[in-house]
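The values are calculated or read from the model by the stated rules, or taken from the named source; none is laboratory data. Just so we're clear, the structure is a prediction, and the values are computed from it rather than from any experiment. Using ideal geometry, Cβ is built from the backbone for each residue, glycine included, and neighbour counts are taken over all protein chains shown. Areas reflect the complete protein model, heavy atoms only, side chains present, ligands, DNA and RNA absent. Shrake-Rupley method; radii C 1.70, N 1.55, O 1.52, S 1.80 Å.
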Amino acid sequence: MIYLSLFGLAFVAATLLPASSELALSGLVTQQQGELLWLWAAATSGNLLGSCVNYYLGWFIVKWRDRRWFPVSQKQYERACGHFNRYGKFSLLFAWLPIVGDPLTVVAGTLRTSFSWFLVLVALGKGIRYALVIFLALQVMS
């Protein structure tokens, strides 16, 4: 149940909704609840799946970007696309960053970035981030 809860929290944290999977993961590690590898896998896969949802939201919602209700203006959208294009697909390694990470995954979808590249780069960045969270939590314990 711990792993499923962490997976769910990490999933929500990867969407545009606010949540802190890092805090939950570090708490579970310091309280020695669960196997480290499974905690890492639950957090990483949940967060990756949430980012995939963002990617596909971007993929499908972009066709409505000229609508009044669209969540960002045309100028904001063009600026976000410009930043993404300037730094390229490897910017997806930073999809774990607060504030910019979630919109980055949506923009990748709107620009039809290769899903294979998306999956590899986002998984790598998020996997390293959660490994670092576990490492730091273990350092606090010792």
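Sorting 127-137, 38-48, 105-115 by their mean Cβ neighbour count within 10 Å, with the most densely packed peptide first, gives 38-48, 105-115, 127-137. The calculated FRET efficiency for the pair ASP66 and LEU124, based on their C-beta separation and a Förster distance of 25 Å, comes to about 0.10.
Note on SER20 and LEU36: the model spin-label points, each 7 Å out from Cα along the C-beta direction, lie 2.3 nm apart. Expressed as a fraction of 2.2 N^0.38 Å, the C-alpha radius of gyration for the chain is 1.11. Which shape class, rounded, prolate or oblate, goes with the stretch 82-142 when its Cα gyration tensor gives a ≥ b ≥ c as root eigenvalues, a/c under 1.5 marks rounded, and past that a/b bigger than b/c marks prolate? Prolate is the answer for the stretch 82-142, as a/c is 1.5 or above and a/b outweighs b/c.
Would you mind telling me the share, in percent, of accessible area of the stretch 1-141 contributed by carbon and sulfur at probe 1.4 angstrom? In the stretch 1-141, the share of accessible area belonging to carbon and sulfur is 69 percent.
Entry comment: accessible area of the stretch 1-141 is 59 Å² per residue, from protein heavy atoms only and a probe of 1.4 Å. Calculated on C-alpha atoms, the gyration radius of the stretch 48-94 divided by its Kirkwood radius gives an Rg/Rh of 1.00.
Charges only on Cβ, +1 for Lys and Arg, -1 for Asp and Glu: so what's the dipole of the chain about the Cα centre, in debye to the nearest 20?
Approximately 680 debye in magnitude.
The simple Förster model, with R0 at 41 Å and r as the Cβ-Cβ distance, assigns MET141 and HIS83 a FRET efficiency of 0.60.
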